[in-house]
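Undergrad: If you scroll down you'll find the structure; I have some questions about it.
The values are calculated or read from the model by the stated rules, or taken from the named source; none is laboratory data. Predicted, not measured: the structure shown is a model, and the values here were computed from it. Neighbour counts are summed over all protein chains in view; Cβ atoms, including those assigned to glycine, are modelled from backbone coordinates with ideal geometry. Calculation scope for accessible area: heavy atoms of the full protein, side chains included, ligands and nucleic acids excluded. Shrake-Rupley method; radii C 1.70, N 1.55, O 1.52, S 1.80 Å.
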Amino acid sequence: MADGDDRQATFGSDGSLETETTPDATGENDFGEEKEPNETDGGYSRYVVSSLLQKAVRRSDEEVAAWAAWELARSGYAWNLWDRLNLYVVEDLRAGDEVALTIERYEALATERWEPDAWKGRLCAIHAALAAARARSTREASNADAYFGAVAEIRADARERGEEPAHDFPVGDLEPEGEFDAVFDGHTGEGSKRGRGTRFFKTHGARVGPEGEDEQSARWQRLAMLLDEDVEYDADELDRAVEPVDPDDPWTDLGSDTDGSSASDATGSGASDGDDDDDDGDTSDNRGDDDGSLSDFAE
């Protein structure tokens, strides 16, 4: 929720709380006592319950996750609950898991259709917590963010010292004719200077894997290339276009010359019309092979 982040950082340097308790969270606790700021109905600190919820999701403890969500929802801290559950989707669960949409739907029901602390709202909270706890737990995104950030600092320090970094990004310097040569198609200045238009894109940049195109998609791909009035593909190029990439070596494309272009790219319709030495890399005017054809497909 919009104000969730603001209300999460609530401790001062001396450990004291700095956030006002929301009106929904006031009243008496289960023991008939006036609730303290940030106290749940059960007499717990909402910060502790919120932390418990995240750890329960992370450790796949369904019952504890369900209780923590229920406790926050019934105590008037639904805004805290839904803010944290949505954070867990990207911090603690595997990328691509459909639970993200599930939690979003439960939140909409609890907060837009019903009252979040009423019976139906509490059921939504429990459902969402159970869905999160049952999903595959991993901190892959957080770990990747921390690792990439550390490498960025190492690279910067190494450049300042004029040294090679002890650790580098997985793409290295990302230059043409290197491991990732296929990315330098006509959508890039370097690819345009090398005359890499539709032919290169179809036979290198558009390849998929590791499963490859299914039979129907491969059929459409071949027919589209055969019917292309601007580019004539040979049999090897048709095969390469639909051949899945090697799962153990997804960036190596066979059938390329030392420039990373297919042999037929260097002559005929694949040749560049301009002088590479005079090209400033602007893709708007010099498309290389098959002038203008890059606008006919998506990257």
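Undergrad: When you go through (1) under 25 Å from the mean Cα position of the chain (by Cα); (2) under 21 Å from Tyr77 (Cα atoms); (3) touching a residue at least 24 places away in the same chain (Cβ under 8 Å) one by one for Ala100, which number turns out not to apply?
TA: (3)
Undergrad: Quick check on the stretch 25-65: of everything there that is assigned to a loop (DSSP other than H, G, I, E, B) and touching a residue at least 60 places away in the same chain (Cβ under 8 Å), which residue is nearest to Val99 (Cα to Cα)? Walk me through it before giving the result.
TA: Restricting attention to the stretch 25-65, the residues satisfying the condition of being assigned to a loop (DSSP other than H, G, I, E, B) are 26-27, 29-33, 35-38, 40-44, 59-61.
Narrowing further to those that are touching a residue at least 60 places away in the same chain (Cβ under 8 Å): 59-61.
Values: Arg59: 16, Ser60: 14, Asp61: 16 Å.
Out of the qualifying residues, it is Ser60.
Undergrad: For Glu190, only one of the following conditions fails: (1) over 30 Å from Tyr147 (Cα atoms); (2) assigned to a helix (DSSP H, G or I). What is its number?
TA: (1)
Undergrad: Please determine whether any residue of the stretch 102-114 is modelled with pLDDT of 90 or more, surrounded by fewer than 18 Cβ atoms within 10 Å (Cβ to Cβ) and part of a loop (DSSP other than H, G, I, E, B).
TA: Yes, because at least one residue in the stretch 102-114 is modelled with pLDDT of 90 or more, surrounded by fewer than 18 Cβ atoms within 10 Å (Cβ to Cβ) and part of a loop (DSSP other than H, G, I, E, B).
Undergrad: Can you tell me which condition Gly149 does not meet? The list is (1) open to solvent by less than 50 Å² (accessible area, probe 1.4 Å); (2) within 21 Å of Ser51 (Cα to Cα); (3) assigned to a helix (DSSP H, G or I); (4) of a type outside the set (A, V, I, L, M, F, W, C), and all the others hold.
TA: Of everything listed in (1) open to solvent by less than 50 Å² (accessible area, probe 1.4 Å); (2) within 21 Å of Ser51 (Cα to Cα); (3) assigned to a helix (DSSP H, G or I); (4) of a type outside the set (A, V, I, L, M, F, W, C), Gly149 misses just condition (2).
Undergrad: Moving to a separate point now. Being of a type outside the set (Lys, Arg) and in contact (Cβ under 8 Å) with a residue 40 or more places away in the chain is the filter here; which residues of the stretch 199-227 pass it?
TA: Filtering the stretch 199-227 for residues of a type outside the set (Lys, Arg) gives 200-201, 203-206, 208-218, 220-221, 223-227.
Scanning the stretch 199-227 gives Phe200, Phe201, Thr203, His204, Gly205, Ala206, Gly209, Pro210.
Yes/no per residue for (1) buried (at least 16 other Cβ atoms within 10 Å of the Cβ); (2) part of a helix (DSSP H, G or I):
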position: Pro165; (1), (2): yes, no
position: Phe169; (1), (2): no, no
position: Gly172; (1), (2): no, no
position: Glu175; (1), (2): no, no
position: Thr203; (1), (2): yes, yes
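Undergrad: Do you know which residues across the stretch 153-172 are closer than 25 Å to Asp249 by Cα and hydrophobic (A, V, I, L, M, F, W, C)?
TA: The answer is Ala166, Phe169, Val171.
Undergrad: Being touching a Ser or Thr at 6+ places or on another chain (Cβ under 6 Å) and either within 12 Å of Gly212 (Cα to Cα) or open to solvent by 50 Å² or more (accessible area, probe 1.4 Å) (or both) is the filter here, so list the residues in the stretch 235-254 that pass it.
TA: In the first step, residues of the stretch 235-254 are kept if they are touching a Ser or Thr at 6+ places or on another chain (Cβ under 6 Å); the result is 237, 240-241.
Matches in the stretch 235-254: Arg240, Ala241.
Undergrad: Now a separate question. Is it the case that Ser75 is open to solvent by less than 70 Å² (accessible area, probe 1.4 Å), without any contact (Cβ under 8 Å) to a residue 24 or more places away in the chain and not charged (D, E, K, R)?
TA: Numbers: open to solvent by less than 70 Å² (accessible area, probe 1.4 Å): yes; without any contact (Cβ under 8 Å) to a residue 24 or more places away in the chain: no; not charged (D, E, K, R): yes.
For Ser75, the condition - open to solvent by less than 70 Å² (accessible area, probe 1.4 Å), without any contact (Cβ under 8 Å) to a residue 24 or more places away in the chain and not charged (D, E, K, R) - is not met.
Undergrad: Tally up the residues in the stretch 179-201 that are of a type outside the set (D, E, K, R) and open to solvent by 40 Å² or more (accessible area, probe 1.4 Å), please. Can you show your working first?
TA: Going through the stretch 179-201, the residues of a type outside the set (D, E, K, R) turn out to be 180, 182-184, 186-189, 191-192, 195, 197-198, 200-201.
Now narrow it down to the ones that are open to solvent by 40 Å² or more (accessible area, probe 1.4 Å): 183, 187.
Adding up the residues that qualify gives 2.
Undergrad: Assess whether Asn86 counts as being modelled with pLDDT under 95, in contact with a Ser or Thr (Cβ under 7 Å, 6 or more places away or on another chain) and assigned to a helix (DSSP H, G or I).
TA: Numbers: modelled with pLDDT under 95: yes; in contact with a Ser or Thr (Cβ under 7 Å, 6 or more places away or on another chain): no; assigned to a helix (DSSP H, G or I): yes.
Spelling it out, it is not the case that Asn86 is modelled with pLDDT under 95, in contact with a Ser or Thr (Cβ under 7 Å, 6 or more places away or on another chain) and assigned to a helix (DSSP H, G or I).
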